[in-house]
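Comments concern the structure below.
What follows is calculated from the coordinates using simple rules that are stated; it is not laboratory data. This one's a predicted model, so the numbers in the text were calculated from it and none came from an experiment. Note that we place each Cβ from the backbone using ideal geometry, even for glycine, and neighbour counts take in every protein chain shown.
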Amino acid sequence: MNRIEHHASFGGRQEVWQHASRSTGTDMKLGVYLPPAALAGEKRPVLYWLSGLTCTEQNFITKAGAQQHAARHGLIVVAPDTSPRGDAVADDAAYDLGQGAGFYVNATEAPWAAHYRMQDYVADELPALIEQHFAATDARSIFGHSMGGHGALVTALRHPGRYRSVSAFAPIVAPSQVAWGQKALATYLGDDPKVWAQWDAVALIASARERLPLLVDQGDADEFLNNLRPDLLQAACAKASHLLTLNLRAGYDHSYYFIASFLADHFAHHARALRGQNG
């Protein structure tokens, strides 16, 4: 672990770290916000953020204004990069595939399988790393945006008992049914729709063994609604009697202006769960 940035923020400290990942076989970067209590040595819960297409570890920590909320609630916030990177890592010229577009899956198809194991990284390696190197408890929650919203929902659904809560901003809820997801899943996982379903929140809801309440915010002026399809998540949750709070925000688009506007609600949602209070 090598710290490459640190900035005082709201009484805590925003840091950026780099480490050699065994999951991806590459160096990975991640943002870590340590609230004042953690800097004082008190073990604090951890909230994981997963970013969207084309993003790095920098987008959330520089655009969302998360530090003030993390300091208020006493939460460590971890924001990893969205994919492995490097000259030896497979890539694609398109923005929605390859580096910056890992989709939080474990790729099985060549050449992607060599490095694109983002699910192992996010769900297993990263929590172990954080809990070893920082004043962190094993109480975890997860949220994200767009591709990262997909990642947060799928990671929580695939790992019952690992997270106290989950939420998302404008998530790709049914990647097996939309263009962004179909392209990525076919490339990384092959052509079998049954395999795709293992990485699709709408499909996973039907057989979920844990019923964490879902909080989703979606702008109705989002230019990517045809790839997001919150209506499919709403229908799946209704059919499975899975608690969903879906906030459709009038006039909001897909940007960090949207995320920053409602981020406090999501921090409050996760803080309640991390204190052991559901709902």
**OP:** Considering the options THR245, LEU126, GLN218, tell which one lies farthest towards the positive end of the dipole of the chain, charges being +1 on Lys and Arg and -1 on Asp and Glu at the Cβ, about the Cα centre.
**Re:** THR245
Original post:
What lysines sit close enough to LYS183 to cross-link, taking a C-alpha to C-alpha distance under 23 Å and skipping anything fewer than 8 places away on the same chain?
Top reply: LYS194
Original post:
In straight Cα distance, which aspartates and glutamates are under 19 Å from LYS239, not counting same-chain residues fewer than 8 positions off?
Top reply: ASP200, GLU210, ASP231
Original post:
Which percentage, to the nearest 5, of the DSSP beta bridges contained in the chain is antiparallel?
Top reply: 50
**OP:** Could you calculate the contour length gain from ARG72 to GLN182, that is, 0.36 nm times the residue separation minus the distance between their Cα atoms, to one decimal place in nm?
**Re:** 35.6 nm
**OP:** Can you bin segment 22-113 into rounded, prolate or oblate? Criterion: square roots of the alpha carbon gyration tensor eigenvalues sorted a ≥ b ≥ c, rounded for a/c under 1.5, prolate for a/b above b/c, oblate for the rest.
**Re:** prolate
**OP:** Answer with a single label: of (1) 26, 23, 17; (2) 30, 21, 19; (3) 38, 22, 17, which was calculated as semi-axes √(5λ) of the Cα gyration tensor in Å from the structure in view?
**Re:** (1)
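Rounded, prolate or oblate: which fits segment 141-211 when a ≥ b ≥ c are the square roots of the eigenvalues of the alpha-carbon gyration tensor, with rounded for a/c under 1.5 and prolate only if a/b beats b/c?
oblate
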**OP:** Assign unit charges at the C-beta atoms only (+1 for Lys and Arg, -1 for Asp and Glu), then state the dipole size of segment 85-200 relative to its Cα centre in Debye, rounded to the nearest 20.
**Re:** 400
Subject >> Karplus-derived HN-Hα couplings along segment 137-152 (A = 6.51, B = -1.76, C = 1.60, θ = phi - 60°), whole Hz, x at Gly and Pro >> reply: 7, 9, 7, 10, 9, 8, 8, x, 10, 6, 4, x, x, 3, x, 5
Subject >> Linear extension gain, SER261 paired with ALA128, 0.36 nm per residue minus alpha-carbon span >> reply: 44.7 nm
**OP:** Towards the positive end of the charge dipole of segment 2-274, with charges on Cβ (+1 Lys, Arg; -1 Asp, Glu), say which of PRO35, GLY65, TRP17 has the farthest Cα.
**Re:** PRO35
Original post:
Which of the lysines could a cross-linker span from LYS63 if the Cα-Cα distance has to be under 21 Å and same-chain partners fewer than 8 positions apart are dropped?
Top reply: LYS29
Original post:
Taking +1 at the Cβ of each Lys and Arg and -1 at the Cβ of each Asp and Glu, which of TYR163, SER83, TRP112 sits farthest along the dipole of the chain towards its positive end, judged by Cα position relative to the Cα centre?
Top reply: TYR163
**OP:** Any chance you could check the Cα centroid distance between segment 210-233 and segment 18-95 for me, in angstrom?
**Re:** 23
**OP:** Please give, to one decimal in nm, the separation of the simple spin-label points placed at ASP138 and ARG211, each 7 Å out from Cα toward the Cβ.
**Re:** 2.6
Subject >> Computed label-point distance, nm, for sites ASP192 and HIS19 using a 7 Å Cα→Cβ extension >> reply: 3.3
**OP:** Calculate the dipole size of the chain relative to its Cα centre from +1 charges on Lys and Arg beta carbons and -1 charges on Asp and Glu beta carbons; express the result in debye to the nearest 20.
**Re:** 1000
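Using only the Cα atoms of segment 148-279, build the gyration tensor, take square roots of its eigenvalues as a ≥ b ≥ c, and label the shape rounded, prolate or oblate: rounded if a/c is under 1.5, else prolate if a/b is larger than b/c, else oblate.
On the way: a/c = 1.83, a/b = 1.16, b/c = 1.58.
Oblate.
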Original post:
Under the rule of -39500 (n - 2.57) per DSSP H run of 4 or more residues, summed and divided by the residues of the chain, what mean residue ellipticity at 222 nm is obtained, to the nearest 500 deg cm²/dmol?
Top reply: -9000 deg cm²/dmol
Original post:
With +1 on each Lys and Arg Cβ and -1 on each Asp and Glu Cβ, how big is the dipole of segment 40-103 about its Cα centre, in debye rounded to the nearest 20?
Top reply: 500
Original post:
Which distance in nm do the two modelled labels at PHE224 and ALA250 give, with both placed 7 Å along the Cα-to-Cβ direction?
Top reply: 2.5
